[in-house]
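Below: the structure, in structure tokens.
What follows is calculated from the coordinates using simple rules that are stated; it is not laboratory data. Worth saying up front: this structure is predicted, and the values here are computed from it rather than measured. Here the Cβ positions follow ideal geometry from the backbone for every residue, glycine too, while neighbour counts run over all protein chains shown.
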Amino acid sequence: MRLTVVAATGGIGRHVLSQAVAAGHDVTAVVRNPAKLPATDRPVRVVAADLATPDPAVLADAVAGADAVISGLGPRSGAEAGVTSRGTGAIIAAMRATGVRRILVVSAAPVSTVPSPGRPHPPRRDPGEGFLMRNLLTPAVKLVLRRQYADLAVMEDMLRDSGLDWTVVRPPRLTDRPLTGVYRTAYGRNLRRGAFVPRADVAHYLLRAVDELGSIRQAVGIAT
């Protein structure tokens with residue numbers, strides 16, 4: 001399978017890259033700084049692109065011919081809020097220009113209840129959240145990361161309006177524990193008692209979901 005991995009040196013993207021290469025996929029890695037790419041057992045096509053100021057021609061070249069685009073794009077700090085929606089918008093445009101339809105992206109569990117221009121009145125409560133998560137942990141995290149989550153919500157709007165075969169994966173708190181391959185997923189909601197998930201497992205699901213027809217045009221909760 002031909003895959004384009006965006007933000008392939010990021011926390012989740014690097015796991016997508018290594019797992020995709022190990023599985024024998026033909027991978028194009030889109031990165032800001034190619035020098036940060038980890039060594040792989042098989043050759044990887046590398047495209048240098050800054051998604052904060054995306055070049056349409058470069059992105060079109062990166063996605064052309066791909067069976068799917070997997071994006072781990074996200075802000076590293078509040079100062080970078082806006083990069084996810086801006087970069088994803090450019091990816092969508094490149095996919096439309098080249099006829100590529102399948103895209104999978106990473107969002108965040110709290111975004112299920114974050115308002116956006118396209119969804120100004122989201123549910124007040126996520127059906128998968130228990131009492132502690134709903135009333136204490138999620139409100140605290142949303143307050144601290146409100147700019148980042150607002151940007152992710154706009155990104156989700158863009159995907160819903162794109163006409164593409166999209167999947168949004170919404171993990172809770174990410175950890176650097178090794179890949180387990182053992183996690184729970186749910187369409188359209190978060191997971192009860194699901195406070196953590198390893199980045200490697202999110203990457204594992206992103207690759208698995210490429211061919212998971214039920215995940216198309218779905219927001220998917222994931223947790224251990």
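Computed values, structure above
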{"quantity": "Distant alpha-carbon pairs in the range 2-223 (separation over 23 angstrom), percent", "calculated": "42 percent"}
{"quantity": "Leading residue at positive end of dipole, the chain (Cβ point charges), from Ile216, Phe196, Thr88", "calculated": "Phe196"}
{"quantity": "Given charges at beta-carbon only (K, R positive; D, E negative), |dipole| of the chain in Debye", "calculated": "740 debye"}
{"quantity": "Sorted largest first, extent of the range 1-113 alpha carbons per principal axis (Å)", "calculated": "38, 28, 27"}
{"quantity": "Coil-residue chymotrypsin sites (Phe, Trp or Tyr not before Pro) of the range 156-224, DSSP, other Cβ within 10 Å capped at 14", "calculated": "none"}
{"quantity": "Debye log10 I(q)/I(0) at q = 0.14, 0.27, 0.28, 0.31 Å⁻¹ for the range 144-197, Cα point scatterers", "calculated": "-0.51, -1.17, -1.18, -1.23"}
{"quantity": "Helix-only [θ]222 nm of the chain, DSSP H runs n ≥ 4, -39500 (n - 2.57) each, per residue, nearest 500", "calculated": "-9000 deg cm²/dmol"}
{"quantity": "Top of Gly163, Gly89, Gly194 by mean-square fluctuation, Gaussian network on the chain, Cα under 10 Å", "calculated": "Gly163"}
{"quantity": "Proximal charge balance of Leu104 [Cβ under 13 Å; K/R count +1, D/E count -1]", "calculated": "0"}
